[in-house]
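The structure appears right after this line, and notes come after that.
The values are calculated or read from the model by the stated rules, or taken from the named source; none is laboratory data. Keep in mind that this is a model prediction, so the values were computed, not measured. A quick note on method: Cβ atoms are made from the backbone with ideal geometry, for glycine too, and the neighbour counts reach across all protein chains shown.
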């Protein structure tokens, strides 16, 4: 059920900055997710363990629904037949193969629609990034040129903090010179994006894309202030 706000609320009068997660709101990661499944299948096959796309997706759905802290490590545990060596080996290799996935993708999966929205928003608001990403991912993102629309374009590895740590939000807000009440946070994860935003009194917007749409709020404090299916729907509140 979509969460809506009353029309009498005019966010445009008080919002000065919009904070974005990367994976989901900006980078669709559709091909990345397909490659990730393939790599899990390949890594487990080295130990004569056969799994398929459907089994992986079912496991991920269960882990995400239960707000697992490290879904890929837990997925490895699930399929490793209680063998700690296999679990650690597969998990480490999955992490190591992230560069391989980036090479195959060639660039983050950013649609023209998303670029258009960022371009338009940058005319009226300060834009910032609050995302758990590597330095390699940051370089690839900058290669797309979208950083020109942002007033702050750093990620967890360049800042030294990771979501859901609220300090990463505070760091970006300090750079942008805005208060929490003057911000919107757009993310796809309840645990990493919505909960810390709500705790800081940032207006939280959840974009329901990708597999993290499996998550559902467990209580009132985890509910976003608004939900969208794509960035174009931001026009309904701005």
Handout entry: Which numbered condition residue 142 fails, given (1) under 24 Å from residue 178 (Cβ atoms); (2) surrounded by fewer than 18 Cβ atoms within 10 Å (Cβ to Cβ); (3) in contact with a helix residue (DSSP H, G or I) (Cβ under 6 Å, 6 or more places away or on another chain)
Key = (3)
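Just checking: which of the helices (runs of 4 or more DSSP H) contained wholly in segment 138-238 hold 3 or more residues that are at pLDDT 95 or above, under 30 Å from residue 58 (Cα atoms) and assigned by TED's automatic domain parsing to the domain that holds residue 25?
Working: elements: 156-159, 166-176, 195-199.
It comes to 195-199.
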Completion exercise
Residue count, segment 95-126, condition buried (at least 18 other Cβ atoms within 10 Å of the Cβ) and assigned to a helix (DSSP H, G or I), comes to 6
